[in-house]
1. Out of curiosity, is Leu177 at pLDDT 85 or above and not in a helix (DSSP H, G or I)?
2. What number of residues in region 116-148 are not acidic (Asp, Glu) and not in a helix (DSSP H, G or I)?
3. What number goes with the only condition from (1) in a loop (DSSP other than H, G, I, E, B); (2) at negative phi that Asn44 does not pass?
4. With the structure loaded, tell me whether Glu34 is part of a helix (DSSP H, G or I), at pLDDT 75 or above and farther than 15 Å from Met191 by Cα or whether it fails that test.
5. Residue under question is Lys99, and the condition is that it be in contact with an Asp or Glu (Cβ under 9 Å, 6 or more places away or on another chain), modelled with pLDDT under 90 and either of a type outside the set (Phe, Trp, Tyr) or closer than 30 Å to Phe39 by Cβ (or both); does it hold?
6. Restricting to region 132-161, give me the number of residues that are closer than 14 Å to His197 by Cα, loosely packed, with under 15 Cβ neighbours inside 10 Å and of a type in the set (Val, Ile, Thr).
7. Of the residues that make up region 45-67, is at least one modelled with pLDDT under 90, surrounded by 18 or more Cβ atoms within 10 Å (Cβ to Cβ), in contact with a Pro (Cβ under 8 Å, 6 or more places away or on another chain) and more than 20 Å from Met194 (Cα to Cα)?
8. What pairs come up if the first residue lies in region 72-91 and is farther than 24 Å from Ser175 by Cα, the second is among the hydroxyl-bearing types (Ser, Thr, Tyr) and not in a loop (DSSP other than H, G, I, E, B), and their beta carbons are under 8 Å apart, counting only those six or more places apart or on different chains?
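The values are calculated or read from the model by the stated rules, or taken from the named source; none is laboratory data. As the structure is a prediction and not an experimental result, all values here were calculated from the model. Please note: Cβ atoms are built from the backbone with ideal geometry, for glycine as well, and neighbour counts cover all protein chains shown.
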Amino acid sequence: MTNRIPLPQSAIILPMSKEGGVSKFLNLDEPSDERWNEFIEKYNGEFVPGQFFKEECVRFPIDHWTVTLDTTVTMTRRVTMVYSRLRTRFENFEGFRFKVTEKYPIHTVMALFGAGKVETGDSEFDRAFFVRGNDEAKVSALFDDDNLREMLRTRSRFMVVDIRRRGLLSGGRESELRLRVWQPNDDLDVMVTMFTHFLRRLKDLGVAT
């Protein structure tokens, strides 16, 4: 039987049914309608109802990109974790990939077996995070940003940021930047700010178009 991690009530966002056409993303200690309507208004977004196998979501613009805010579930043999997720697709002609997570003991083992950890040059950051990618120079350049590293330091718990390939029919040029956070309700604006910073850094490096 799967056990759920006991999440703090102030930190749970789950999709649930809709009434009267209004989104019912569930926040257990706040009126969810007001919270999400405020988010949509602030970021000029729109609510997209769920259908078939797709959950409901909110879509909004960041510069010329369209960003999706939704939830995703990660399941293991022992736990189920619900993440809030920001994601957007872009043309990635160089096929650049990276992933950054909070560092755990398993990452030390992975490094021993050649997982390819990238050092950023910030020893404090490198002790706290596990960063890897398929272009060490470009990964180092991405994280050569004091503001970006500080944002990650202040909001690192159960957070994953990565680029994955999408659109196999396009020859692998289309990629998706994702930021996933557990316990996201402390400040959704922080998620958006961090995601925006990653996108613009990737654009400056010639990765995201």
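1. Numbers: at pLDDT 85 or above: yes; not in a helix (DSSP H, G or I): yes.
The answer is yes for Leu177.
2. Restricting attention to region 116-148, the residues satisfying the condition of being not acidic (Asp, Glu) are 116-118, 120-121, 123, 125, 127-134, 137-143, 147-148.
Remaining after also requiring not in a helix (DSSP H, G or I): 116-118, 120-121, 129-134, 143.
Residues meeting the conditions: 12.
3. All conditions are met except number (2).
4. Values: part of a helix (DSSP H, G or I): yes; at pLDDT 75 or above: no; farther than 15 Å from Met191 by Cα: yes.
Against the criterion (part of a helix (DSSP H, G or I), at pLDDT 75 or above and farther than 15 Å from Met191 by Cα), Glu34 does not qualify.
5. On the way: in contact with an Asp or Glu (Cβ under 9 Å, 6 or more places away or on another chain): yes; modelled with pLDDT under 90: no; either of a type outside the set (Phe, Trp, Tyr) or closer than 30 Å to Phe39 by Cβ (or both): yes.
Spelling it out, it is not the case that Lys99 is in contact with an Asp or Glu (Cβ under 9 Å, 6 or more places away or on another chain), modelled with pLDDT under 90 and either of a type outside the set (Phe, Trp, Tyr) or closer than 30 Å to Phe39 by Cβ (or both).
6. 0
7. The answer is yes; a qualifying residue exists.
8. Short answer, once both residue conditions are applied: Thr80/Thr74; Met81/Thr74.
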